[in-house]
Amino acid sequence: MPDRGASALASSLPARAGVGLKSEYFEEILATWPDIGFFEVHAENYMVASGPFHHYLTGIREWQSLPSSCQ
């Protein structure tokens, strides 16, 4: 019997690859809005109250409600 749950999950996933979000690419991402499926975000890079990482992460996250993956 087929696993309908797995099939539904697979059909809801983006058909594009994701990449790790690196600080050296923040400005380029915001300037060019590349066709990326999702960004992998390492939470330990954002464990501060504020600062440039939060500024860029917020801007990138607001862009078309882009999915993210926290590790």
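Throughout, read-outs are computed from the coordinates displayed, never taken from laboratory work. For clarity, every value in this text was computed on a predicted model and none was experimentally measured.
Length available on full extension from Phe38 to Ser23: 0.36 nm per residue minus the Cα-Cα distance, which gives 3.9 nm.
One decimal place: the segment Val48-Arg16 gains 8.5 nm when fully extended, by the rule 0.36 nm per residue minus the C-alpha distance.
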